[in-house]
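Data first, discussion second: the structure below is written as structure tokens.
The values are calculated or read from the model by the stated rules, or taken from the named source; none is laboratory data. The structure displayed is predicted, hence computed values, not measured ones. Glycine also receives a Cβ, built like all others from the backbone with ideal geometry; neighbour counts cover every protein chain displayed. Accessible surface areas use protein heavy atoms only, side chains included; no ligands, DNA or RNA. Shrake-Rupley method; radii C 1.70, N 1.55, O 1.52, S 1.80 Å.
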Amino acid sequence: MARKSSKDKSSKDKSSKDKSSKTGAALTHIDSGGEARMVDVSDKPASERIAVAEGRVIMGQATLDLILSGNAKKGDVLGAARIAGIMAAKRTSELIPLCHPLALSKVTLDITPDKKLPGCIVRATVKVTGPTGVEMEALTAVSVACLTIYDMIKAVERGVRIEGIHLVEKMGGKSGHYRAER
């Protein structure tokens, strides 16, 4: 493997310092050399932090009716998805490489059938008292719950879609309150 010249390293340092979001803030998981890193939160004070994420599982009306009747061959689709989402939130640091392991104090996963979609709206709320937020835990909970719904009904309908997974709201921490625009 070729070694990088000081010129290459210099341009890499400059480009990594220029990497910023649309808000102008630097990417926190990239060090000055452009390498991935876990953010040091040891000096941050513990505070209550809450994150809410949401997603949708879109399916045919007949498939939704099957879920609601409780007659899916694999069992209680929504119950299994709820448990899977909660378990996933607790294991986020094992799934997302640079996430901190957190002692979550609350994870709720609500799944609301919606005949207008037709499908299910999946919403996770995650809470912790600590030095870093729980947005990734909420997003992971929703993602895995949606995937579980798909897994449990795929034999009936392969064209099911998972859509719109996003952060709805976060509270706490230095950056304060965020709420997604509707």
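Run the accessible area of the chain with a 1.4 Å probe and give the carbon-and-sulfur part as a rounded percent.
Of the solvent-accessible surface of the chain, carbon and sulfur hold 55 percent.
Is it possible to state the helix-based mean residue ellipticity at 222 nm for the chain, with each DSSP H run of 4+ residues giving -39500 (n - 2.57), the sum divided by total residues, to the nearest 500 deg cm²/dmol? What is it?
That calculation yields -10000 deg cm²/dmol at 222 nm.
Less than 13 Å apart at the alpha-carbon level, and either on another chain or at least 8 residues along: which aspartates and glutamates does that give for LYS127?
Counting by Cα, and skipping residues close in sequence, LYS127 has these aspartates and glutamates nearby: GLU48, GLU135, GLU137, GLU169.
By average Cβ neighbour count within 10 Å, what is the ranking of 79-90, 171-182 from highest down?
Going by the mean number of other Cβ atoms within 10 Å, highest first, we get 79-90, 171-182.
How far apart, in nm, are two points set 7 Å out from the Cα along the Cα-to-Cβ line at GLU163 and at LEU95?
Using points 7 Å along Cα→Cβ, the separation is 2.2 nm.
Amide H to amide H under 5 Å from GLY119: which residues, 5+ apart in sequence or cross-chain, H placed 1.01 Å off N in plane?
Residues meeting the criterion, in which the H sits 1.01 Å from N, are MET59, ASP114.
Would you mind putting 55-62, 159-166 in packing order, based on average other-beta-carbon counts within 10 Å, highest first? Spell out each step's value before the answer.
Numbers: 55-62: 18.6, 159-166: 13.8.
So the peptides 55-62, 159-166, ranked by packing, come out 55-62, 159-166.
So what is the relative contact order for the chain, in percent, with contacts set as C-alpha pairs under 8 Å and at least six apart?
Rounded, it is 30 percent for the chain.
So what's the net charge close to GLU54: Lys and Arg +1, Asp and Glu -1, counting the other residues with Cβ under 11 Å from its Cβ?
Overall, the nearby charge balance is -1.
Beyond a 26 Å Cα-Cα separation, which of these cross-linked pairs lie in this structure: LYS73/LYS170; LYS90/LYS174; LYS106/LYS154; LYS106/LYS170; LYS44/LYS90?
LYS73/LYS170; LYS106/LYS154
How big is the gap, in Å, between the Cα center of segment 26-54 and the Cα center of segment 65-88?
Value for the Cα centre distance between the two parts: 34 Å.
At 1.4 Å probe radius, can you tell me the per residue accessible area of the chain in Å²?
Value for the chain: 61 Å² per residue.
Might you report the magnitude of the Cβ-based charge dipole of segment 100-178 about its Cα centre, with Lys and Arg at +1 and Asp and Glu at -1, to the nearest 20 debye?
Details: 10 positive and 8 negative charges, 16 e Å.
The calculation lands at about 80 debye.
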